[in-house]
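K.L.:
Sharing a structure with you now.
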Amino acid sequence: MKIKKAILPVAGFGTRFLPATKAQPKEMLPIVDKPVIQYLVEEAVDSGIEEIIFVTGRGKRAIEDHFDMSFELEHNLVEKHKKELLDAVKKIPKLAKFSYVRQPEPLGDGHAILQASHLVGNEPVLVIFGDCLYDSKVPASTQIIETFEKYGDPVIGLSSVDKKEVSKFGVIDGIKLDNSTWEIKKIVEKPTEKKAPSNLVAVGKYIITPTVFEILAKMKSGKSGEIRLADAFEIMLKKNKPIYGKVLSGEWLDTGNKLNFMKASIHLGLKNPEIKKDLKKYLKGLNL
Ligand code: UTP
């Protein structure tokens with residue numbers, strides 16, 4: 001079955017960016033000249049997604065406005081003959097069909113995803129967390145969709161990290177099926193370096209199936225007080241239900257924390273035709 005829908009849960013508080021995220025969503029923070037969320041939507045669309053379901057919460061209205069038509073702005077750009085900018089603005093609402101559901105309280109990423117279940121129905125769906133940017137030749141979402149098409153069970157997008165970093169992530173253990181595909185047997189949340197079964201971590205891109213929704217719907221909030229997608233996967237693995245992992249090729253730009261956000265800005269800035277030359281010159285000239 002072709003995957004045509006994606007859920008983007010964006011109802012989190014973005015506490016790691018406070019005070020910047022006090023009155024604006026972290027997903028709207030720009031990398032060069034586009035908000036992070038637009039990169040994610042474009043990645044999904046480039047991977048064949050036609051419907052995007054945002055799970056939003058209080059303070060996230062800017063996301064709806066961004067993917068809506070802005071009549072006044074378009075009129076203004078027409079008057080000023082700013083054709084290129086006009087095209088860039090006009091294409092945004094046409095990227096996909098957009099729907100919005102609210103998560104009344106931030107009770108976890110799994111709880112957020114569950115709010116969209118009635119719009120998904122009985123089909124597999126792509127899930128992208130609001131801070132998981134990937135720069136790759138083949139869009140990261142395409143890579144996990146292809147893995148799903150081969151195996152027909154949930155897929156978790158993976159990246160390898162430095163062993164010292166594993167304690168920040170969900171780390172997988174499993175059976176290697178080919179160069180980049182794993183049958184996952186265990187996910188260890190935020191292990192110490194010593195206890196980590198590998199250096200492969202979940203990055204925030206998933207294919208989930210109706211079974212995952214069924215499990216999420218029955219879950220009560222765990223130790224963290226939240227309903228988390230990672231806990232739903234753990235329940236599935238305990239029941240011996242298959243889950244696959246796909247090590248994504250490309251560069252993971254995790255925009256969820258300050259340092260990596262800066263790195264992502266530099267990485268994509270160095271690819272931007274308008275600023276790359278001057279940015280390179282500036283970086284070279286830094287007397288570090
Ligand atoms: P994160 O924990 O990475 O994002 O959640 P956050 O909560 O926005 O950021 P911090 O940790 O406070 O700095 C992963 C994804 O799940 C969404 C977030 O918006 C993000 O896209 N999420 C998380 C929800 O939609 N609802 C929640 O209750 C929790």
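K.L.:
What nm value, rounded to one decimal, do you get for the distance between Asn240 and Lys280 when each label is placed 7 Å out toward the C-beta?
P.N.:
In this crude label model, Asn240 to Lys280 measures out at 5.7 nm.
K.L.:
Excluding residues on the same chain fewer than 8 positions from Lys195, give the lysines whose Cα lies under 21 Å from its Cα.
P.N.:
Lys195 reaches Lys163, Lys164, Lys168, Lys176, Lys185, Lys186, Lys223, Lys238.
K.L.:
Rounded to the nearest 20 Debye, what is the dipole magnitude of the range 144-288 about its Cα centre when Lys and Arg each give +1 and Asp and Glu each give -1 at the C-beta? Write down the numbers at each step before the final one.
P.N.:
Values: 27 positive and 18 negative charges, 99 e Å.
Here the range 144-288 has a charge dipole of around 480 debye.
K.L.:
Please give the charge dipole size of the chain, origin at the Cα centre, charges +1 on K and R Cβ atoms and -1 on D and E Cβ atoms. Round to the nearest 20 debye. Don't jump to the answer; show the numbers that get you there.
P.N.:
On the way: 46 positive and 38 negative charges, 161 e Å.
Magnitude of the dipole: close to 780 debye.
K.L.:
Now a separate question. Nearest 500 deg cm²/dmol is fine: what mean residue ellipticity at 222 nm does the chain get from its DSSP H runs of n ≥ 4 alone, each adding -39,500 (n - 2.57), divided by its residue count? Don't skip to the answer; put the middle values down first.
P.N.:
Working: 11 runs with 97 residues, N = 288.
After summing the helix terms and dividing by residue count, I get -9500 deg cm²/dmol.
K.L.:
Mind grabbing the accessible area of His66 for me, 1.4 Å probe, Å², rounded to tens?
P.N.:
Roughly 40 Å² of His66 is accessible to a 1.4 Å probe.
K.L.:
Ignoring ligands, DNA and RNA, how do Met219, Met1 rank by accessible area with a 1.4 Å probe, largest first? Mind showing how you got there, number by number?
P.N.:
Details: Met219 30, Met1 150 Å².
Result, largest first: Met1, Met219.
K.L.:
Here's another thing I want to ask about it. Once the dipole of the range 147-254 is set up with Lys and Arg at +1 and Asp and Glu at -1 on Cβ about the Cα centre, which of Ile235, Gly174, Tyr206 lies farthest towards its positive end?
P.N.:
Of the listed residues, the answer is Ile235.
K.L.:
Given a cut-off of under 8 Å on Cα pairs at least six residues apart, what relative contact order in percent is computed for the chain?
P.N.:
Details: 525 pairs, mean separation 63.4, N = 288.
The value is 22 percent.
K.L.:
Shifting gears a bit: Probe radius 1.4 Å, ligands and nucleic acids left out: which of Tyr206, Tyr100 has the largest accessible area, and how do the rest follow? Show your work: numbers first, answer last.
P.N.:
Details: Tyr206 20, Tyr100 75 Å².
Most to least solvent-accessible, the answer reads Tyr100, Tyr206.
K.L.:
Moving on to the next point. How big is the antiparallel share of DSSP beta bridges in the chain, given as a percent to the nearest 5? Can you show the working numbers first?
P.N.:
Working: 26 of 43 bridges.
Taking every DSSP beta bridge within the chain, about 60 percent pair in antiparallel fashion.
K.L.:
Based on the mean of other Cβ atoms within 10 Å per residue, sort peptides 43-50, 153-160, 119-126 so the most packed one is first.
P.N.:
Numbers: 43-50: 19.5, 153-160: 24.2, 119-126: 17.4.
The most tightly packed comes first, giving 153-160, 43-50, 119-126.
K.L.:
Can you give the accessible area of Arg61, probe radius 1.4 Å, in Å² rounded to 10?
P.N.:
About 150 Å², rounded to the nearest 10.
K.L.:
Ignoring ligands, DNA and RNA, what percent of the accessible area of the chain is carbon or sulfur (1.4 Å)?
P.N.:
Details: 8190 of 15600 Å².
The value for the chain is 53 percent carbon and sulfur by accessible area.
K.L.:
Also: Is there a quick way to get the dipole size of the range 208-280? I mean about its Cα centre, with the Cβ of Lys and Arg at +1 and of Asp and Glu at -1; what is the value in debye to the nearest 20?
P.N.:
On the way: 14 positive and 8 negative charges, 28 e Å.
So the magnitude is around 140 debye.
K.L.:
GNM, the chain, Cα, under 10 Å: largest mean-square fluctuation among Ile53, Ile113, Ile275?
P.N.:
Residue with maximal mean-square fluctuation among Ile53, Ile113, Ile275: Ile275.
K.L.:
Figure the gain on full extension for Asp162 and Asp68 (residue separation times 0.36 nm, minus the Cα-Cα span) and round it to one decimal in nm. Kindly include the intermediate steps, with their values, before the conclusion.
P.N.:
Working: separation 94, 0.36 × 94 = 33.84 nm, distance 3.99 nm.
Full extension of this stretch gives 29.8 nm more.
K.L.:
Residues of the range 181-232: accessible area per residue at 1.4 Å, in Å²? If you can, show how the numbers build up before the last one.
P.N.:
On the way: 2640 Å² over 52 residues.
Normalised by residue count, the accessible surface of the range 181-232 is 51 Å².
K.L.:
Post the alpha-carbon centroid distance, the range 221-288 to the range 36-104, in whole angstrom.
P.N.:
If we compute the Cα centre of each part, the gap is 22 Å.
The values are calculated or read from the model by the stated rules, or taken from the named source; none is laboratory data. Source: prediction; values computed, not measured. Neighbour counts are summed over all protein chains in view; Cβ atoms, including those assigned to glycine, are modelled from backbone coordinates with ideal geometry. For accessibility, only protein heavy atoms count, side chains too; no ligands or nucleic acids. Shrake-Rupley method; radii C 1.70, N 1.55, O 1.52, S 1.80 Å.
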